[in-house]
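This structure is in structure tokens; I'll ask about it shortly.
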Amino acid sequence: MNGQMKRGVLEMCVLSVVARGEQYGYDILKAIGEAFPSVDRSTVYAVLRRLSAAGCASVRIDTLHPGPARKYYRLTPAGEKALDQAASEWKAVCSAVERLKIRPDGV
């Protein structure tokens, strides 16, 4: 998958995981890693930082555990809107690909 396609799909997938409810960063990383084993953890954390900076995800830092502070992410209303828009665009792309009968083997 090329970089541009991966970035958009990955962002939508991270939004989708966070939409399940407040998520610890490492748990988000595990969920994405199961779907995209070749994606580097730094890429997922970069997506989380971008979503947070864009106001799509809020971050809560938990320091009650022993060890380093944990970051928990939650979708904001802007994030819900971004996920709805991304999902709608994804469905349109899938529909267009299906109409063109593009085969996985490229023929």
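What follows draws every value from the coordinates through simple rules; no lab data is involved. The structure displayed is predicted, hence computed values, not measured ones. Every residue, glycine among them, receives a Cβ derived from its backbone with ideal geometry; neighbour counts consider all protein chains shown.
Could you state the angle between the C-alpha long axis of helix 3-18 and the longest principal axis of the C-alpha atoms of the chain, as a value from 0 to 90 degrees rounded to the nearest 10?
In the chain, helix 3-18 runs at an angle near 50 degrees to the longest axis.
Give the relative contact order (percent, whole number) for region 3-107; include only Cα pairs under 8 Å separated by 6+ residues.
Details: 93 pairs, mean separation 29.5, N = 105.
So the answer I get is 28 percent.
Could you tell me the calculated FRET efficiency between ARG99 and ALA54, based on Cβ-Cβ distance and R0 = 25 angstrom, to the nearest 0.05? Could you put the intermediate results ahead of the total?
On the way: r = 32 Å, r/R0 = 1.27.
Here the calculated transfer efficiency is 0.20.
Label points 7 Å out from Cα along the Cβ direction at ALA78 and ASP62: separation in nm?
2.5 nm
If the cut-off is 23 Å between C-alpha atoms, which lysines fall inside it for LYS30, apart from same-chain ones fewer than 8 positions away?
LYS6, LYS71
Oh, and also: List the trypsin sites (Lys or Arg not before Pro) in region 51-102 that DSSP assigns to loop (not H, G, I, E or B) and whose Cβ has at most 15 other Cβ atoms within 10 Å. Which are they? Don't skip to the answer; put the middle values down first.
Values: sites: ARG60, ARG70, LYS71, ARG74, LYS81, LYS91, ARG99, LYS101; in loops: LYS101.
Sites meeting the loop and neighbour criteria: LYS101.
Between ASP40 and ARG7, what is the label-point separation in nm under the 7 Å Cα-to-beta-carbon projection?
1.5 nm
When averaged across all projection directions, what area in nm² does the alpha-carbon convex hull of region 49-94 cover? Intermediate results must be reported in sequence, preceding the final value.
On the way: hull surface 16.5 nm².
With the hull built on Cα positions only, its mean projection is 4.1 nm².
With a Förster radius of 25 Å, plug the Cβ-Cβ distance of SER88 and GLU22 into 1/(1 + (r/R0)^6) and report the FRET value to the nearest 0.05.
Values: r = 25 Å, r/R0 = 0.99.
Step by step, r from the Cβ atoms, then E = 0.50.
Before rounding to the nearest 500, sum -39500 (n - 2.57) across all DSSP H runs of length at least 4 in the chain and divide by the residue total; then give [θ] at 222 nm in deg cm²/dmol.
Details: 4 runs with 64 residues, N = 107.
Taking each H run of at least 4 residues, the total per residue is -20000 deg cm²/dmol.
Quick one, what does Rg over Rh come out to for the chain if you take C-alpha atoms and the Kirkwood Rh? Before the final figure, lay out the partial values.
Details: Rg = 15.7 Å, Rh = 15.0 Å.
Looking at the chain, the ratio lands at 1.04.
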